[in-house]
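Structure, as structure tokens:
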Amino acid sequence: MSDNATTGTLRVKTGLAEMLKGGVIMDVVTAEQARIAEDAGAVAVMSLERVPADIRAAGGVARMADPTIVDQIVGAVSIPVMAKCRIGHFVEAQILQSLGVDYIDESEVLTPADEEHHVNKWDFTVPFVCGARNLGEALRRIGEGAAMIRTKGEPGTGNVVEAVRHMRTMLEEIAWVAGVREEQLFTVAKDLQAPYDLVKWVHDNGTLPVVNFSAGGIATPADAALMMQLGCDGVFVGSGIFKSGDPIKRAKAIVEATTHFEDADIIARVSRDLGEAMVGINISDIPDAERMQERGW
Amino acid sequence: MRVGVLALQGAFREHILAFEALGASVRAVRLPAQLDDTDGLVIPGGESTAIAKLMRTYGFYEAVRARHADGMAVWGTCAGAILIASDIVDASSDQEPLGLMHSVVRRNAYGRQVDSFETDLDIAHLGEPFRGVFIRAPLIESVGEDIEVLARHGGLIVAVREGDLLATTFHPELTGDLRVHRYFLDRVVGAR
């Protein structure tokens with residue numbers, strides 16, 4: 001790096017998320033899947049050991065991916081590579097930064113390593129994305145240094161209902177905070193358990209201070225366009241692509257539906273003949289203790 | 001005078017807001033027909049591979065080349081600077097440049113995201129230093145004879161102009177400083 005250049009600034013961290021907007025970030029577990037995702041038009045890939053549907057099926061402790069797999073994925077594609085670490089597991093995060101990933105997802109999809117504290121993300125040069133179900137959770141994560149938020153949904157279900165719930169909750173709470181009187185903000189911050197300065201920022205600007213994607217249950221082009229019309233900045237698709245009958249075709253279709261999310265003619269065209277979608281799970285069939293969205297504090 | 005911002009993927013909203021703040025007439029361009037009454041086009045930052053695939057699927061290569069031949073000005077930022085070049089070094093397998101500007105551009109030339117940076121730049125015609133935000137930025141490795149180099153950082157080219165074409169490898173749309181947008185409107189689109 002040459003003279004007077006500064007790395008790892010908040011603007012540089014949030015800036016990469018800005019460049020991903022309007023795009024699809026796809027879960028991949030091998031270099032081959034990463035190449036398929038890039039060819040389909042993904043803006044980034046998310047490296048993990050197993051997709052959420054398989055984590056759910058396998059049970060046990062889910063951890064960061066093997067560094068060899070992360071290396072292979074980093075070497076296989078030219079788009080940004082993200083990777084998941086466990087909530088609060090700052091050593092997994094240190095390892096992922098050392099491997100050169102472009103974004104770390106401190107993710108509820110993996111088994112939490114700390115049931116009280118998240119990673120202090122200000123300690124890192126690499127940016128972080130974190131999950132949130134509501135405004136308070138989003139602002140706590142941003143307060144800890146997250147440079148991008150994704151609403152959680154319920155991962156590995158192929159069921160978009162929780163993604164919709166969380167996005168609507170987030171947007172309704174933002175509108176509410178923007179509408180209250182300034183002297184109410186201290187109590188709002190207390191009720192949301194969120195840093196006052198960030199609550200004030202949301203009040204003044206009527207939006208989150210970072211990019212907000214949607215995740216957790218998106219399985220079809222229509223699901224992706226639904227989340228975009230509701231107001232997210234882009235989508236994460238986890239199990240929905242590589243657990244379906246024709247991953248390449250479905251991945252391309254979800255990319256096009258995310259760009260043309262308001263054009264029903266295009267969404268109808270790309271939705272044809274995609275083969276079998278992943279088998280979905282009804283949220284009421286998942287015991288409370290197995291709901292990934294409950295993880296994170 | 002109307003400018004369009006290619007809105008397939010990336011930081012198109014920030015460019016639209018910047019032009020609106022300058023009082024310009026601006027539209028999001030998602031289909032080639034929307035280029036018909038556009039005097040200047042911005043191809044924004046984003047993922048150049050994803051944008052290129054969507055451009056091909058929806059017929060933008062032919063449309064942008066034809067409209068540029070008719071006199072439409074074009075500004076590429078970051079991914080856009082890659083796409084308007086004549087040659088891309090390290091292009092992904094099917095990534096074709098538009099071939100508008102006589103430039104050779106290398107993708108991800110500064111490294112990975114941990115190497116992304118911001119710094120002050122001296123840009124020709126703009127006066128005071130401009131905050132350059134470089135995110136997984138490309139490098140303009142070489143340019144043709146008729147290209148004006150507007151800015152360098154560490155000796156490397158970061159902003160160039162060739163007639164009605166402008167390329168920046170950094171992101172003025174992320175800074176709130178509207179001087180490059182003003183320059184594009186007044187001196188590039190307006191000078192045609």
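Computed quantities for the displayed model
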item: Contact order relative to length of the range A:12-52, as percent, for alpha carbon pairs under 8 angstrom and 6 or more apart; result: 43
item: The range B:2-189, accessible surface, carbon-and-sulfur percent (1.4 angstrom probe); result: 46
item: Among the listed pairs A:243/B:53; A:13/A:243; A:121/A:200; A:84/A:190; A:121/A:252; A:21/A:190, those beyond 27 Å (Cα-Cα); result: A:13/A:243; A:84/A:190; A:121/A:252; A:21/A:190
item: Percent RCO, i.e. relative contact order, over the range B:2-189, from Cα pairs under 8 Å lying at least 6 residues apart; result: 19
item: Sorted peptide list for B:100-107, A:116-123, A:63-70, A:283-290, criterion being average Cβ within 10 angstrom, highest first; result: B:100-107, A:63-70, A:116-123, A:283-290
item: Inter-part distance where the range B:78-98 and the range B:150-192 are each reduced to a Cα centre, Å; result: 18
item: Inter-chain shielding of B:131-143 (mean C-beta neighbours from other protein chains, 10 Å cut-off); result: 2
item: Global geometry of the range A:87-240, whether rounded, prolate or oblate, following the gyration tensor of its Cα atoms and the 1.5 cut on a/c; result: oblate
item: The range A:180-285: C-alpha gyration tensor shape, a/c 1.5 cut-off, then a/b vs b/c; result: prolate
item: Carbon plus sulfur fraction of accessible area for the range A:92-182, probe 1.4 Å, in percent; result: 46
item: Total formal charge among the other residues, if their Cβ is under 12 angstrom from that of residue B:39, Lys/Arg +1 and Asp/Glu -1; result: 0
item: The protein assembly as shown, dipole about Cα centre (Lys/Arg Cβ +1, Asp/Glu Cβ -1), debye to the nearest 20; result: 340
item: Carbon/sulfur fraction of accessible area - the range A:244-297, other protein chains in place, 1.4 Å, %; result: 47
item: From phi via Karplus (6.51, -1.76, 1.60), per-residue ³J(HN,Hα) for the range B:78-85 in Hz, x at Gly/Pro; result: 6, 4, x, 5, 5, 6, 8, 5
item: Average beta-carbon neighbours from other chains, 10 Å sphere, peptide A:102-108; result: 1
item: Centroid-to-centroid separation of the range B:1-25 and the range A:1-73 [C-alpha atoms, Å]; result: 29
item: Cα gyration tensor shape of the range B:2-189, rounded if a/c is under 1.5, else prolate or oblate by comparing a/b with b/c; result: rounded
item: B/A buried area, accessible surface, summed, 1.4 Å probe, Å²; result: 3300
item: Bridge type composition, the protein assembly as shown - antiparallel percent by DSSP, nearest 5; result: 30
item: Accessible area per residue, Å², the range A:243-297 with all protein chains present, probe 1.4 Å; result: 55
item: Residues in the range B:38-68 that, when all protein chains are in place, have 50 Å² or more less accessible area than the chain alone would give (probe 1.4 Å); result: B:47, B:53, B:54, B:58
item: Average Cα contact separation per residue, chain A, under 8 Å, 6 or more apart, as relative contact order %; result: 19
item: Fraction of antiparallel bridges per DSSP, the range B:2-189 only, in percent to nearest 5; result: 50
item: Shape parameters for chain A, alpha-carbon atoms, Rg then Dmax in Å; result: 18.3, 58
item: Dipole axis of chain A (+1 Lys, Arg; -1 Asp, Glu on Cβ), positive-most option in A:70, A:207, A:88; result: A:207
item: Neighbouring partner chain Cβ atoms per residue of A:209-217, average, 10 Å criterion; result: 0
item: 1.4 Å probe accessible area per residue over chain B, in Å²; result: 34
item: Cβ crowding within 10 Å averaged over residues, with A:144-153, A:201-210 ranked highest first; result: A:144-153, A:201-210
item: Cα centroid of the range B:110-124 to Cα centroid of the range A:217-286, whole Å; result: 35
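The values are calculated or read from the model by the stated rules, or taken from the named source; none is laboratory data. Keep in mind that what you see is a predicted model, and the values were worked out from it rather than measured. All Cβ positions, even for glycine, are placed from backbone atoms using ideal geometry, and neighbour counts span all protein chains on display. Surface accessibility is based on the protein's heavy atoms, side chains included, excluding ligands, DNA and RNA. Shrake-Rupley method; radii C 1.70, N 1.55, O 1.52, S 1.80 Å.
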